[in-house]
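Below: the structure, in structure tokens.
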Amino acid sequence: MSSSSPAKKKARAAPRARAPPPPDRQQRFEASRGPRDKSFPDAHDNELRPSKKYDRNPSEVLDLSDDGASWQGQPRPPAFRRGHQFGRRDQGVPVDVDGQPWTPFDPAPADCTHTYRELSERWAQAQSSEFLADLRRRCVWDYAPGDPPPPWWRISRHDDDTYEVLNLCFVDNYRCYQPGLAQDFTEFLVKALKAPENLRGATGAWKRLLAVDHRLRELARLDKPARGRTCPICDIPFAQLGARDIHFDHKALTRIARGDMCRPCNLGVVAHWDSFGPSHAEASLEDVTLAAGIRGVCLVMPLRS
């Protein structure tokens, strides 16, 4: 028979402390924002977690885009920001598209003959000016569906593809990838959209943007130029490469094909091109690129200062 002291019995009988009440909606909202970055004194009110570590090149080089248009005369893209996603109450009044209700939150109906630009502009006309102004105010990059691309937009424009990307970035509420900001598209997905510390309140955005890019890549394959005998960048013969070492490349978030090239050039040179612009990239790669044929594989090693 075990014995226990009265003090121990009293300790067992003591009521447990109650858990604190759950935080209200405003407290949860403040907790999701995280600490403010003092380097952004003009941080947006609807921003999740202001931080300068994502998609910002302090020594950005204003270069030429690969279609020859100059970035010099364009406004500089704003720093990457990400806000709370828009929800059902922000869909507004749907418009009829081929007998189906449509909002910018929806994909285009199957076999739709209208572009995303036409759909978005029609939807915007059905909304009140006050409603659209409220959406722009809450969007971290001051956009509402139906608006034209911002003046700092550097991606080649298309009435269907561009407005699909614009709507997606509006719904998930983040400033979209732009070339020439020291990150290629893959780095943007990983460091800006997929980063664990940047996911609170906006999960899955990187998957949705990547799915759009994959669909546009397949459309680009339909118009790709005929494959030559060698890689257009390093001139290594394709006959010396296996199927996995030949990559098809397209401009990110467009249906514009760049064609087939060897794997190192696609992952190295072209990524450098997208990150810093063609003129700056080509000038630096002339000095720091090592291209050598080893066992039939070209090694391209761009070194960044």
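So in segment 73-83, with the set limited to residues that are within 21 Å of the chain's Cα centre (by Cα) and in a loop (DSSP other than H, G, I, E, B), which one is farthest from VAL140 (Cα to Cα)?
Residues of segment 73-83 that are within 21 Å of the chain's Cα centre (by Cα), as a first pass: 74-83.
After this cut, where a residue has to be in a loop (DSSP other than H, G, I, E, B) as well, the list is 74-81.
Details: GLN74: 20, PRO75: 17, ARG76: 16, PRO77: 13, PRO78: 10, ALA79: 10, PHE80: 9, ARG81: 6 Å.
Restricting to residues being within 21 Å of the chain's Cα centre (by Cα) and in a loop (DSSP other than H, G, I, E, B), the top hit is GLN74.
Looking at (1) surrounded by 17 or more Cβ atoms within 10 Å (Cβ to Cβ); (2) modelled with pLDDT under 95, can you tell me which one ALA110 breaks?
Among (1) surrounded by 17 or more Cβ atoms within 10 Å (Cβ to Cβ); (2) modelled with pLDDT under 95, ALA110 violates only (1).
Among (1) in a helix (DSSP H, G or I); (2) at pLDDT 90 or above; (3) surrounded by 15 or more Cβ atoms within 10 Å (Cβ to Cβ), there is one condition GLU187 misses while meeting the rest; what is its number?
(2)
Looking at ARG154, ARG136 in this structure, which one is assigned to a loop (DSSP other than H, G, I, E, B) and out of contact with any Leu (no Cβ under 8 Å at 6 or more places or on another chain)?
After ruling out the rest, the residue left standing is ARG154.
Specify the residue that is nearest to PHE131 (Cα to Cα); the eligible residues are those in segment 84-120 that are hydroxyl-bearing (Ser, Thr, Tyr) and not in a loop (DSSP other than H, G, I, E, B).
Just the residues of segment 84-120 that are hydroxyl-bearing (Ser, Thr, Tyr), to begin with: 103, 113, 115-116, 120.
This time we only want the ones that are not in a loop (DSSP other than H, G, I, E, B), so: 116, 120.
Numbers: TYR116: 20, SER120: 15 Å.
Top of the filtered list is SER120.
Yes or no: ALA192 in a loop (DSSP other than H, G, I, E, B), modelled with pLDDT under 95 and of a type outside the set (S, T, N, Q)?
No.
In the same structural domain as HIS114 (by TED's automatic domain parsing), in contact with a strand residue (DSSP E or B) (Cβ under 7 Å, 6 or more places away or on another chain) and touching a residue at least 60 places away in the same chain (Cβ under 8 Å): does that describe ASN167?
Taking the combined requirement at face value, the residue does not satisfy it.
Examine segment 219-229 for a residue that is closer than 30 Å to PHE86 by Cα, touching a strand residue (DSSP E or B) at 6+ places or on another chain (Cβ under 9 Å) and modelled with pLDDT of 85 or more, and state whether such a residue exists. Working first, answer last.
Start the filter on segment 219-229 by keeping residues that are closer than 30 Å to PHE86 by Cα, which leaves 219.
After this cut, where a residue has to be touching a strand residue (DSSP E or B) at 6+ places or on another chain (Cβ under 9 Å) as well, the list is 219.
Subsequent filtering for residues that are modelled with pLDDT of 85 or more retains 219.
So far as segment 219-229 goes, yes, one or more of its residues are closer than 30 Å to PHE86 by Cα, touching a strand residue (DSSP E or B) at 6+ places or on another chain (Cβ under 9 Å) and modelled with pLDDT of 85 or more.
Can you tell which of ASP223, ASP235 is surrounded by 11 or more Cβ atoms within 10 Å (Cβ to Cβ) and over 24 Å from the mean Cα position of the chain (by Cα)?
None of the other options fit; the residue is ASP235.
Take segment 253-287 and flag every residue that is buried (at least 22 other Cβ atoms within 10 Å of the Cβ), outside any helix (DSSP H, G or I) and modelled with pLDDT of 75 or more.
Within segment 253-287, LEU253, MET261, CYS262 qualify.
Looking for something of a type in the set (Phe, Trp, Tyr) and touching a residue at least 60 places away in the same chain (Cβ under 8 Å) - is there at least one such residue anywhere in segment 203-219?
no
Which of the residues spanning segment 138-156 are among the charged types (D, E, K, R) and without any contact (Cβ under 8 Å) to a residue 12 or more places away in the chain?
ASP142
For segment 121-155, name all the residues that are crowded, with 17+ Cβ neighbours inside 10 Å and of a type in the set (S, T, N, Q).
Within segment 121-155, just GLN127 meets the criteria.
Can you tell me how many residues within segment 161-183 are in a loop (DSSP other than H, G, I, E, B), closer than 16 Å to ASP147 by Cβ and not hydrophobic (A, V, I, L, M, F, W, C)?
2
The values are calculated or read from the model by the stated rules, or taken from the named source; none is laboratory data. Keep in mind that what you see is a predicted model, and the values were worked out from it rather than measured. Counting neighbours? That spans all protein chains shown, and the Cβs are built from the backbone with ideal geometry, glycine included.
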